[in-house]
Amino acid sequence: MKKQSKILDKVMQLSGIKPKKDETEEQAILRGLDVIDRNVQREKTEKESCTLRVNQILDVMTSYAKLDYSPKAEMSDNLDFIDALASGINMLGEELKDSTVSLHEKKVMLKEIHHRVKNNLQIISSLLNLQSGQIEDATFKEKYRVSRDRIRSMALVHEKLYESENLALVDFSDYVKSLANSLNVSYNPDIHRIGMNIKVNEGTGLFKIETAIPCGLVLNEMLSNSFKYAFPGDTPGNVDVFFGSVSKKGEVPVYLLEVKDNGVGIPDHISVTSSETLGFQLITMLSEQLNGQLSIDRNNGTSFSLTFKEGK
């Protein structure tokens, strides 16, 4: 009897029941065991349900990582900690959705800005071209053409940014090829007499617009100078364009932009850095703006070399 009484006490403790007046100890034990069994089954069911809901929430969070905000964490209205977690996850999803839409809108707007700037610059370039057609004086006509091509070099930067997935950086190696080929068409008097070779380190130099535009203008001045002055008359020759990194692996990238021709060369009495010619003034000024090192070699033609680092 003492043993049965101990069992009853333990069952009462685990089940939370109390013996009734009209039942025996055995009946009380059986009733208590039934309550315990139901509690165990309920806890098992709740644990399985909790595991299922947690997995559902993880699925929702995974969909958010894929930028799919349509799935929602389910609510049971039990006001338990899982419901609180599910509610928080749903609120987070709405905020992420709003932020993603906002970022997408900003990207579209930024692309549109680059597109419009490029179009406006091209319109200005076309107007200069039309105006030059009404000018008979060869000197003034040339000034219009030079201004037009300088504007085109800036428009090309915005075109490359518009086409790029990264709206903040220009692939300058690709830009060099595009601009050099454009200037070859614009300035080269005879592509069969004056050849142009372009060598770039592909994928080198992802530049911000603050670096890309002055570099593009420097390249514009270097190339136009070679085509216009290096090969007078029927003199044949070549113009070589190079852009790439010249730093060692692991070091801060140092870039080299070089235009070299085997023409008649710049006369010794002309100082590029103190010249009154606008083209040479631009090369000098923009090189300083880039904190670059400009060097000119007059042996066997003319070689312009600009070494610089990408600005912060």
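The values are calculated or read from the model by the stated rules, or taken from the named source; none is laboratory data. No experiment lies behind these values; they were computed from the predicted model shown. Cβ atoms come from the backbone with ideal geometry, glycine included; neighbour counts cover every protein chain shown. SASA here: full protein model, heavy atoms, side chains in, ligands and nucleic acids out. Shrake-Rupley method; radii C 1.70, N 1.55, O 1.52, S 1.80 Å.
In this structure, the amide hydrogen of Val170, modeled 1.01 Å from its nitrogen in the peptide plane, lies closer than 5 angstrom to those of Phe207, Lys208, counting only residues at least 5 positions away or on a different chain. Across region 194-205, coupling constants 3J(HN,Hα) worked out from phi with the 6.51/-1.76/1.60 Karplus curve, θ = phi - 60°, read 10, x, 10, 10, 10, 10, 9, 7, 4, x, 9, x Hz, and Gly and Pro carry x. Each peptide in 280-286, 119-125, 210-216, 138-144 gets a packing score, the mean of other Cβ atoms within 10 Å over its residues, and the list from highest to lowest is 210-216, 280-286, 119-125, 138-144.
The relative contact order of the chain, computed from alpha carbon pairs under 8 Å that lie at least 6 residues apart in sequence, is 10 percent. Rounded, prolate or oblate: which fits region 182-312, taking a ≥ b ≥ c as square roots of the Cα gyration tensor eigenvalues, rounded meaning a/c under 1.5, else prolate when a/b beats b/c? It comes out prolate by the Cα gyration axes. These residues, Asp261, Asp59, go from largest to smallest accessible area, 1.4 Å probe, as Asp59, Asp261.
This model, with +1 at the C-beta of Lys and Arg and -1 at the C-beta of Asp and Glu, gives region 205-312 a dipole about its Cα centre of some 380 debye.
Pull out a ≥ b ≥ c, the square roots of the eigenvalues of the alpha-carbon gyration tensor of region 242-312, then state rounded if a/c is under 1.5, prolate if not and a/b is larger than b/c, and oblate in the remaining case. In terms of gyration-tensor shape, oblate. Restricting the trypsin sites (Lys or Arg not before Pro) of region 240-284 to loop positions (DSSP other than H, G, I, E, B) with no more than 10 neighbouring Cβ atoms within 10 Å leaves Lys248, Lys249. Remark: region 270-285, residue by residue, has Karplus-estimated 3J(HN,Hα) of 9, 9, 5, 6, 10, 6, 8, 5, 4, x, 5, 5, 5, 4, 5, 5 Hz, where x stands for each Gly or Pro and the curve is 6.51 cos²θ - 1.76 cosθ + 1.60 at θ = phi - 60°. Sorting Ile36, Ile82 on solvent-accessible area from highest to lowest, probe radius 1.4 Å, gives Ile36, Ile82. Applying the Karplus relation 6.51 cos²θ - 1.76 cosθ + 1.60 with θ = phi - 60° to region 13-19 yields 3J(HN,Hα) values of 5, 6, 8, x, 8, 10, x Hz, where x marks Gly and Pro. Accessible-area rank, largest first, for Arg145, Arg53, Arg38, Arg152: Arg38, Arg152, Arg145, Arg53, with all protein chains present and a 1.4 angstrom probe.
With a probe of 1.4 Å, find how much accessible area the chain has per residue, and write the answer as a whole number in Å². So the chain comes to 62 Å² accessible per residue, rounded to a whole number. Given +1 at the Cβ of Lys and Arg, -1 at the Cβ of Asp and Glu and no other charges, the dipole of the chain around its Cα centre is 600 debye to the nearest 20.
Look at the dipole of the chain built from charges on Cβ: of Val176, Tyr187, Ile57, the Cα furthest out on the positive end belongs to Ile57. Keeping the other protein chains in place, figure out the carbon and sulfur percent of the accessible area of region 245-307, with a 1.4 Å probe. Exposed carbon and sulfur together represent 48 percent of the surface.
Positive end of the dipole of the chain (Cβ unit charges, origin at the Cα centre): among Met285, Ser132, Gly301, the Cα lying farthest that way belongs to Met285.
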